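Remarks on the structure that follows.
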Amino acid sequence: MDVYGLIGNPVGHSLSPPMHEAGYDALGIDAKYVTFEPPANEGAAAVAAADRLGVAGLNVTIPFKQDVLEAVETDDLAARIGAVNTIDLTGETPQGYNTDAVGAVRALDHHDVALDGTAVVVGAGGAGRAVAFGLADEGMAVEIANRTASKADDLAAEVPGAGGHGLDALGDLLSGADVLVNCTSVGMDEDATPVPAEALHADLAVLDAVYSPIETRLLRDAAAAGATTVDGAWMLLYQGVEAFERWTGESAPVDAMNEVLRAAL
Ligand code: NAP
């Protein structure tokens with residue numbers, strides 16, 4: 001039996017075990033997905049220990065996504081993002097990837113959103129970094145708006161062709177934009193949005209990385225404006241699907257994983 005797992009602190013709330021195990025069950029893969037909660041600053045040590053114990057793959061969440069960099073070889077995208085959320089432990093050296101970026105891209109793709117034109121990424125934290133690089137790699141022109149404008153500027157300087165802005169620029173930025181991704185935590189367990197409703201329009205596709213609640217105020221406002229909406233559970237699903245496929249080498253049973261994820265949310 002293969003063992004996969006998640007390291008984070010805390011991990012009690014994680015939806016990854018039921019989502020991944022639904023995938024193993026659907027494909028008849030003999031595997032288990034478990035959670036580990038190492039102490040803060042022990043992320044790299046936890047990766048080395050899991051490797052020695054024969055764990056086949058790890059997901060990584062807060063607060064370890066940067067800490068584990070020293071324990072893995074990263075691919076180019078994870079190196080640019082500067083964070084790892086998926087590790088393959090089956091080779092000589094642990095290999096680190098960032099599937100949040102691909103998760104956002106595949107979530108939009110699933111909803112037939114064309115990944116060309118201009119994307120506005122709101123937020124310049126971990127999710128904002130991943131999504132900005134992911135959409136730029138797809139060929140989109142990326143504009144980053146953040147409450148702390150200097151952090152948007154810093155990120156924009158690393159992402160080819162990107163611009164950095166404060167949140168006050170959102171009205172202007174969105175008037176000509178094709179895709180909007182909320183990568184702030186605004187809207188999580190609260191009825192709030194970082195984007196003025198009047199800036200939304202019918203030619204936008206709006207992905208909210210926030211998945212609790214599934215229907216955020218931003219997505220309600222976007223639907224009312226006639227925009228295409230993609231909820232954060234799709235991004236969560238596809239970051240897991242991407243990890244599943246890297247680890248098992250199989251096409252993930254997306255519908256089975258999605259059903260269990262949404263039932264668990
Ligand atoms: P993070 O690194 O802590 O970044 C938080 C971001 O939110 C920063 O840009 C911050 O702006 C902004 N922010 C916080 N409070 C704000 C407020 N009151 N007004 C305006 N902006 C505010 O967090 P993260 O890891 O990027 O996660 C962000 C969200 O994405 C979380 O809700 C997380 O659950 C979600 N997420 C979802 C997925 C998925 O698969 N669906 C994956 C990753 C993350 P400042 O820089 O100004 O502080």
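Phi angles across the range 199-216 convert, under the Karplus curve 6.51 cos²θ - 1.76 cosθ + 1.60 with θ = phi - 60°, into 3J(HN,Hα) values of 7, 8, 8, 5, 8, 9, 10, 10, 10, 9, 5, 5, 10, 9, x, 5, 9, 7 Hz, Gly and Pro given as x. Shape analysis of the range 17-132 places it in the oblate category; the axes a ≥ b ≥ c from the Cα gyration tensor give an a/c of at least 1.5, with a/b not above b/c. Among 21, 138, the sequence by solvent-accessible area, most first, with a 1.4 Å probe is 138, 21. Tell me whether the chain comes out rounded, prolate or oblate; compute the Cα gyration tensor, take square roots of the eigenvalues as a ≥ b ≥ c, and use a/c under 1.5 as the rounded threshold. Because a/c hits 1.5 or more and a/b exceeds b/c, the chain counts as prolate. Between residue 35 and 6, the built amide H atoms are under 5 Å apart, and every one of these is 5 or more places off in sequence or on another chain. 3J(HN,Hα) couplings calculated from phi for the range 116-122 with the Karplus curve 6.51 cos²θ - 1.76 cosθ + 1.60 (θ = phi - 60°) are, in sequence order, 9, x, 10, 10, 9, 9, 9 Hz; Gly and Pro show x.
Couplings for the range 157-171, taken from phi via the Karplus curve 6.51 cos²θ - 1.76 cosθ + 1.60 with θ = phi - 60°, read 5, 8, 9, x, x, 7, x, x, 8, x, 5, 5, 8, 4, x Hz in order; Gly and Pro are left as x.
Summarising the amide proton neighbourhood of residue 60: residues at separation of 5 or more, or on other chains, whose placed amide H is nearer than 5 Å comprise 7, 86.
Just report the Cα centroid separation between the range 1-72 and the range 214-256, whole Å. After rounding, the separation between the Cα centres reads 21 Å. Pull out a ≥ b ≥ c, the square roots of the eigenvalues of the alpha-carbon gyration tensor of the range 101-230, then state rounded if a/c is under 1.5, prolate if not and a/b is larger than b/c, and oblate in the remaining case. Since a/c stays below 1.5, the shape of the range 101-230 is classed as rounded. Over the chain, DSSP H runs of length four or greater, each weighted -39,500 (n - 2.57), average out per residue to a 222 nm ellipticity of -11500 deg cm²/dmol. Computed from label points 7 Å out along Cα-Cβ, the spacing between residue 34 and residue 192 is 3.9 nm. Note on residue 70/residue 214: beta-carbon distance plugged into 1/(1 + (r/R0)^6) with R0 of 35 Å gives a FRET efficiency of 0.50. Taking 0.36 nm per residue of sequence separation and removing the Cα-Cα distance, the residue 26/residue 1 pair yields an extension gain of 7.4 nm. For the range 166-265, GluC sites (Glu not before Pro) meeting the loop criterion (DSSP other than H, G, I, E, B) and having at most 14 other Cβ atoms within 10 Å: 190, 215, 250.
The values are calculated or read from the model by the stated rules, or taken from the named source; none is laboratory data. What you see is a predicted model; the values in this text were computed from it and never measured. Because the Cβ atoms are built from the backbone with ideal geometry, glycine has one as well, and the counts that use them run over all protein chains shown. The area values use the complete protein model at the heavy-atom level, side chains included, leaving out ligands, DNA and RNA. Shrake-Rupley method; radii C 1.70, N 1.55, O 1.52, S 1.80 Å.
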